[in-house]
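*Asks:* This structure is in structure tokens; I'll ask about it shortly.
The values are calculated or read from the model by the stated rules, or taken from the named source; none is laboratory data. Quick caveat: nothing in here was measured; it's all calculated off a predicted structure. Here the Cβ is made from the backbone with ideal geometry for all residues, glycine too, and neighbour counts use every protein chain on show. Side chains included, ligands, DNA and RNA excluded: accessible areas come from the protein's heavy atoms. Shrake-Rupley method; radii C 1.70, N 1.55, O 1.52, S 1.80 Å.
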Amino acid sequence: MKAKVAMTFVCALCLVPLTSGCWDRREINDIAFVTAAAADITPDNHYRVTIQVPLPGKISDVGQKGGGGGASGNKAYFLDSTIGDTFRAANAKQQNAMSRQLYFSHMRVFVFGEDLARENIASPIDVMSRIPQNRMTTYLLVSSGPAADLLNAQATMEKTPAEFLRELANESMIHPRTVKRVTEALLAEGQDPIMPVVSWTTTKPGDAGDAQTNLKLNGLAIFQKKKMVAMLSGRAADGVLWAMGEFRRPLITIPAQNGSGFVSVMVTSYHVRTTVKPTPDGRMVCQIKARVTGALSENTSNLTYERSQNLASLERQASQAVTDDMRLGVDQLQRLHADPIGICNRVYRNYPGYWHHVKHNWRDEFYPNIPVQIDAQVEIRNSGNATSPVGVPEEELQS
Amino acid sequence: MSGRVLIRRRRRRPTESVRGPEQQGTELDASTPLEIEGGSSYAASCEVPISDHLHDNLTMMLKVFSDCSDLQVRHLCVGHARDACMLYLSGLVNATDLSEEALRPLIYDFQANDEHVMDRLSPDKIRDEGVLLARVGRADTFRKAIDGIVGGQAALFVDGVSQAFLLSTSGPERRSISEPETESVVRGPREGFTEDLSVNIALLRHKIRTPQLKAHSFTLGTYTKTAVLLVYIEDLADPKVIAEAKRRISSIEIDGVLESGYIEELIEDQPMSPFPQFQYSERPDTIAAQLLEGRFAIFTEGTPFVLIAPVTWWQFVQASEDYYERFFLVYLVRVLRYISLFLALFLPAMYIAVTTYHQDMLPTSLVMSVAAARESIPFPAIIEALIMELTFEALREAGIRLPKAVGQAVSILGALVIGQAAVEAGIVSAPMVIIVAITGIASFTLPRYNAAIAIRLLRFPMMLLAAVLGMFGIVIGVMWISIHLCKLRSFGVPYLSGLAPYKRKEIKDLFFRPPWWKMVFRPSSFAHHNRKRMAERQMPGPDKRSGSRGGAR
């Protein structure tokens, strides 16, 4: 009798999972994987959201034999752009025109249009940090011009522009800017976010073939909290990256001291240390020290750097070049009243009492006036496999 | 003695325990179909003493063995003076032995002092002088004589002697000792048990040469009268466990025992568990190793498979070769087995959960490949998985039983139909085929077949749970299995002994195999009163005190 009751109970228990009805079940082929999204702002303050959905049947060689998906056309992805009051409202509209469920877990890149970035980046980031389907590891980029265009570049090196953008973002800094990092910077006291800028470009194959549209990293977007204030490029952008210690695979190219050519130093490792210190007269001084180790990677001059004074002077020159870049970058940042390096954040952390006095107007008064001492030391460990420049007669060499 | 009375008595007291095997036999006999057929001579003969009239005895025996055409009756005259008769079943005895060692001395050698034959013919004399065989037993009831005959002995009835002599000969030819097919090794002994119990126990005696190796005998099965031995080493096995094992074995009442599996299912602790609570092996070295750790073994006549208990789960992940090969290799192999175990149990479930609920858990490029492969598949992942897994199980089952030549055809069919055609026809996706293949291979790496079956079985509920509840379902399944395993006992020994309850010093032999010089103690779960197996500090190396670096200069 007891066993019978127990069996009935067990049978009833076995039925429980069936009653749940698998509501959350969604087969992998009923999902539209959004791999990249772009947000722009329209003149009437609406969001224009563009999403890129790769077509599995096109993008992967797998399953072609089995008949493939219903993908048609020659692109491996589907692009849709919709206007809505909010980011999610636009998504909802897009969903209405889609046979598959939008799925954001695999969104690897998010691009802000230039206009939107100048307006406000905080609200799209709110969506991304609020919904668990979105990942804190999504890379953030700013486009120069409308962001929607970037997602339509040919970018033939990868299967989709999304993948191309992701790799670009990954290469942009040592610690690429993700939702997590940008959110942290937005929330931190005395710190501003920064993002790489990507722009549309065309390849120049010469007369050989048709030009193709491509994407390239093009400097840095400098923010004051949620508003972009400027885009830096060239040496100033390099200088900011140096000062942040985020420069990925830097190359220092400097003219040889006798003007006979150029010398490139490939940086193998470096370390940047930023400190703030109070001076005896009650002000704050910032010190940025860079210790750079590199190797000679190219020499088009007639100088040899083997066992000679030339190496020491090259090191001095290189150190000066790095210092100059950093100086340029930091000056720009101070002029823009933006602090992505986090100098003020260091004051806040190390001298909270002091920060309390200056924080009411730190951006416009305190930060631009901090003296920043920059000190870069480049050490060249070796001169590569060749000892003297190739093709220069021995009598012309200067050691 | 009426059978009906006995039946009623048994019903009234169904759980009547510890009884001698013979007594049980008697009771069961009375209630078995023999009674219904009316040919009750066997049952009736049971406790009837053998009389000293040869004629009466023969009549009785022939009645019992009526219609047994293989019964041989050999009349003879002991010392040309006294009538005697030898009965045996042809085929069960060695006729040459019988004639050389028993008939010849009985007929001819007794002639020498025939004047005394009549007066001094005592049972002892016949046994001592008349028969040259090593094993001669005596029966004073028909019951014993009959059991002797069906057990392969020859019964000798002599006129004027109220006893029967049971003569044992070498018996018929059985399968010779060969390499065990289910547990082959690269390194290790190649002999395996056979169907002959005496050979089997001898094989074990060759390994463990001590009188402390005990073999307690039982006879199970009313009709089969299968000899069963409970084997253990006296100082090592826990006496309480042995007592419990004896109690459980002797309480078995069954008409026949044809394989050790009968015993296993009748005495295990938790019959409703999918996990095996006995290990079986046909390797004498495996059995010897287990006995040396304080376990006991159950040998069954007629099968090469010997049961071992108490067991822990870890034994099923260990092969005998683990202890013969150097330990570095075994480290790797054990880790591999645990990974395989995990894969065999969870991989299809994980695949289902990930592709139907947690697409975010896969890397983007992988999710694209899987999505592309599934693009044209008409079934949900669970149906796809069930189709593939069931086909695979069917193929495996077919492959086991078929003759080798046909087996090849099955594997070709399987490889072609499942591996290729199903994918090309768009019925199942290629990733699913890979998952099933990995699962199959992983389940083959488990060295014990009965443990592999448990894993094979549990894979299906895991798949269903994953299909219904996703990762949560898998977690529920894992919890259920873990709780069950923690609760499971084999003869009082926790199934996960070492891990739960945790024993710091023993955990090393669960996941890895320590070098022999580190395994000083036996596992505490079995031989708890006598744990030291070897001297400590035996890590070898050249003698550092002497000047030379060991051996040659």
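*Asks:* Got a number for residues in region B:273-318 being out of contact with any helix residue (DSSP H, G or I) (no Cβ under 7 Å at 6 or more places or on another chain) and in a helix (DSSP H, G or I)?
*Replies:* Within region B:273-318, residues that are out of contact with any helix residue (DSSP H, G or I) (no Cβ under 7 Å at 6 or more places or on another chain) and in a helix (DSSP H, G or I) number 4.
Residues checked against (1) at the interface with chain A (Cβ under 7 Å from one of its Cβ atoms); (2) within 19 Å of B:Ile418 (Cα to Cα); (3) surrounded by fewer than 18 Cβ atoms within 10 Å (Cβ to Cβ); (4) at pLDDT below 90:
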site: B:Met350; (1), (2), (3), (4): no, no, no, no
site: B:Val354; (1), (2), (3), (4): no, no, no, no
site: B:Asp360; (1), (2), (3), (4): yes, no, yes, yes
site: B:Glu384; (1), (2), (3), (4): no, yes, no, no
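*Asks:* Being under 17 Å from B:Ala394 (Cα atoms) and open to solvent by 40 Å² or more (accessible area, probe 1.4 Å) is the filter; apply it to region B:422-444 and report the residue that is farthest from the other protein chains (Cβ to nearest Cβ).
*Replies:* For region B:422-444, the residue satisfying everything is B:Phe444.
*Asks:* Could you identify the single residue in A:Thr274, A:Thr253, A:Thr293, A:Thr279 that is modelled with pLDDT of 90 or more, of a type in the set (Ser, Thr, Tyr) and closer than 24 Å to A:Glu184 by Cβ?
*Replies:* Criteria check complete, one pass: A:Thr274.
*Asks:* Can you go through A:Gly67, A:Gly21 and tell me which one is modelled with pLDDT under 85, within 10 Å of chain B (Cβ to nearest Cβ), open to solvent by 20 Å² or more (accessible area, probe 1.4 Å) and within 30 Å of A:Arg130 (Cα to Cα)?
*Replies:* A:Gly21
Residue-wise test of (1) part of a helix (DSSP H, G or I); (2) in contact with a strand residue (DSSP E or B) (Cβ under 9 Å, 6 or more places away or on another chain); (3) of a type in the set (Val, Ile, Thr); (4) in the same structural domain as A:Phe366 (by TED's automatic domain parsing).
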residue: A:Ser129; (1), (2), (3), (4): yes, no, no, no
residue: A:Asn134; (1), (2), (3), (4): no, yes, no, no
residue: A:Asn152; (1), (2), (3), (4): no, yes, no, no
residue: A:Leu165; (1), (2), (3), (4): yes, yes, no, no
residue: A:Thr183; (1), (2), (3), (4): yes, no, yes, no
residue: A:Gly190; (1), (2), (3), (4): no, no, no, no
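Per-residue answers, yes or no, for (1) without any contact (Cβ under 8 Å) to a residue 12 or more places away in the chain; (2) under 30 Å from A:Val267 (Cβ atoms):
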| residue | (1), (2) |
| --- | --- |
| A:Met173 | no, yes |
| A:Lys180 | no, yes |
| A:Leu187 | yes, no |
| A:Pro193 | no, yes |
| A:Thr203 | yes, yes |
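*Asks:* Would you pick out the residues in region B:181-214 that are hydrophobic (A, V, I, L, M, F, W, C) and either within 14 Å of B:Ser281 (Cβ to Cβ) or modelled with pLDDT of 90 or more (or both)?
*Replies:* The answer is B:Val185, B:Phe193, B:Leu197, B:Val199, B:Ile201, B:Ala202, B:Leu203, B:Leu204, B:Ile208, B:Leu213.
*Asks:* Are any residues in region A:160-200 among the basic types (Lys, Arg) and either surrounded by fewer than 19 Cβ atoms within 10 Å (Cβ to Cβ) or touching a Lys or Arg at 6+ places or on another chain (Cβ under 7 Å) (or both), and if so, which ones?
*Replies:* Residues satisfying the conditions are A:Arg166, A:Lys180.
*Asks:* Look at region B:130-155 and say how many of its residues are over 15 Å from B:Asn94 (Cα atoms) and either in a strand (DSSP E or B) or aromatic (Phe, Trp, Tyr) (or both).
*Replies:* Residues that pass the stated criteria total 5.
*Asks:* Ok, one more. Looking at B:Ser376, B:Ser340, B:Ser365, B:Ser369, which is the one that is among the hydroxyl-bearing types (Ser, Thr, Tyr) and away from every other protein chain (no Cβ under 14 Å)?
*Replies:* Result: B:Ser340 is the single residue among B:Ser376, B:Ser340, B:Ser365, B:Ser369 that is among the hydroxyl-bearing types (Ser, Thr, Tyr) and away from every other protein chain (no Cβ under 14 Å).
*Asks:* Kindly establish whether A:Gly84 is surrounded by fewer than 21 Cβ atoms within 10 Å (Cβ to Cβ) and modelled with pLDDT of 90 or more. Outline the logic, then answer.
*Replies:* On the way: surrounded by fewer than 21 Cβ atoms within 10 Å (Cβ to Cβ): yes; modelled with pLDDT of 90 or more: yes.
Spelling it out, A:Gly84 is indeed surrounded by fewer than 21 Cβ atoms within 10 Å (Cβ to Cβ) and modelled with pLDDT of 90 or more.
*Asks:* Exactly one of (1) touching a Pro at 6+ places or on another chain (Cβ under 9 Å); (2) crowded, with 20+ Cβ neighbours inside 10 Å is unmet by B:Ser340. Its number?
*Replies:* With (1) touching a Pro at 6+ places or on another chain (Cβ under 9 Å); (2) crowded, with 20+ Cβ neighbours inside 10 Å applied to B:Ser340, the lone miss is (1).
*Asks:* With the requirement that a residue be open to solvent by 10 Å² or more (accessible area, probe 1.4 Å) and touching a residue at least 60 places away in the same chain (Cβ under 8 Å), what does region A:335-344 give you?
*Replies:* A:Leu336, A:His337, A:Ile341
*Asks:* Specify the residue that is nearest to the other protein chains (Cβ to nearest Cβ); the eligible residues are those in region A:93-121 that are part of a helix (DSSP H, G or I) and open to solvent by 30 Å² or more (accessible area, probe 1.4 Å). Full working, then the answer.
*Replies:* Step one: filter region A:93-121 for residues part of a helix (DSSP H, G or I), giving A:93-96, A:114-119.
Okay, now just the ones that are also open to solvent by 30 Å² or more (accessible area, probe 1.4 Å), so A:93, A:95-96, A:114-115, A:118-119.
Details: A:Lys93: 23, A:Gln95: 17, A:Asn96: 22, A:Glu114: 27, A:Asp115: 29, A:Arg118: 31, A:Glu119: 30 Å.
Restricting to residues being part of a helix (DSSP H, G or I) and open to solvent by 30 Å² or more (accessible area, probe 1.4 Å), the top hit is A:Gln95.
*Asks:* Follow-up question, since we're still on this one. Which of the residues belonging to region B:267-284 are closer than 24 Å to B:Arg187 by Cα and open to solvent by 10 Å² or more (accessible area, probe 1.4 Å)?
*Replies:* Hits for region B:267-284 are B:Tyr280, B:Glu282.
*Asks:* Now a separate question. Under the condition of being in a helix (DSSP H, G or I) and under 22 Å from A:Ile288 (Cα atoms), which residue from region A:360-399 is least open to solvent (accessible area, probe 1.4 Å)?
*Replies:* Once the filter is applied, the top-ranked residue is A:Tyr367.
*Asks:* Looking only at region B:486-511, how many residues end up being crowded, with 17+ Cβ neighbours inside 10 Å and in contact with a Phe, Trp or Tyr (Cβ under 9 Å, 6 or more places away or on another chain)?
*Replies:* The total comes to 12.
*Asks:* Further question: Given (1) in the same structural domain as B:Ile481 (by TED's automatic domain parsing); (2) not in a helix (DSSP H, G or I), identify the lone condition not met by B:Glu393.
*Replies:* (2)
*Asks:* Just to verify a result, which residue in region A:124-133, among those that are open to solvent by 10 Å² or more (accessible area, probe 1.4 Å) and either touching an Asp or Glu at 6+ places or on another chain (Cβ under 7 Å) or in contact (Cβ under 8 Å) with a residue 12 or more places away in the chain (or both), is nearest to the other protein chains (Cβ to nearest Cβ)?
*Replies:* Restricting to residues being open to solvent by 10 Å² or more (accessible area, probe 1.4 Å) and either touching an Asp or Glu at 6+ places or on another chain (Cβ under 7 Å) or in contact (Cβ under 8 Å) with a residue 12 or more places away in the chain (or both), the top hit is A:Gln133.
*Asks:* Out of all the residues in region B:220-249, which are open to solvent by 20 Å² or more (accessible area, probe 1.4 Å), more than 21 Å from B:Asn530 (Cα to Cα) and either of a type outside the set (A, V, I, L, M, F, W, C) or without any contact (Cβ under 8 Å) to a residue 12 or more places away in the chain (or both)?
*Replies:* The answer is B:Tyr223, B:Thr224, B:Lys225, B:Lys246, B:Arg247, B:Arg248.
*Asks:* If you don't mind, there's one more thing I want to ask. Residue by residue through region B:512-521, note down the ones that are open to solvent by less than 80 Å² (accessible area, probe 1.4 Å) and among the hydrophobic types (A, V, I, L, M, F, W, C). Explain how you work it out, then say what you get.
*Replies:* Of region B:512-521, the ones open to solvent by less than 80 Å² (accessible area, probe 1.4 Å) are B:513-515, B:517, B:519-520.
Scanning region B:512-521 gives B:Trp517, B:Met519, B:Val520.
*Asks:* Being in a strand (DSSP E or B) and either touching a helix residue (DSSP H, G or I) at 6+ places or on another chain (Cβ under 8 Å) or not assigned by TED's automatic domain parsing to the domain that holds A:Glu379 (or both) narrows it down to one of A:Met228, A:Met266, so name that one.
*Replies:* A:Met228
*Asks:* Same structure, new question: Which of the residues that make up region B:452-474 are touching a Ser or Thr at 6+ places or on another chain (Cβ under 9 Å), in a helix (DSSP H, G or I) and within 10 Å of chain A (Cβ to nearest Cβ)?
*Replies:* Hits for region B:452-474 are B:Ala467, B:Val468, B:Leu469.
*Asks:* Six or more apart or on different chains, Cβ atoms under 7 Å: show the pairs whose first residue is in region B:169-186 and free of Cβ contacts under 8 Å to residues at least 40 places away in the same chain and whose second is open to solvent by 80 Å² or more (accessible area, probe 1.4 Å).
*Replies:* So the pair list comes out as B:Glu179/B:Arg190.
*Asks:* Consider region B:67-82. How many of its residues are free of Cβ contacts under 8 Å to residues at least 60 places away in the same chain and either within 15 Å of B:Val131 (Cβ to Cβ) or of a type in the set (Gly, Ala, Ser) (or both)?
*Replies:* 5
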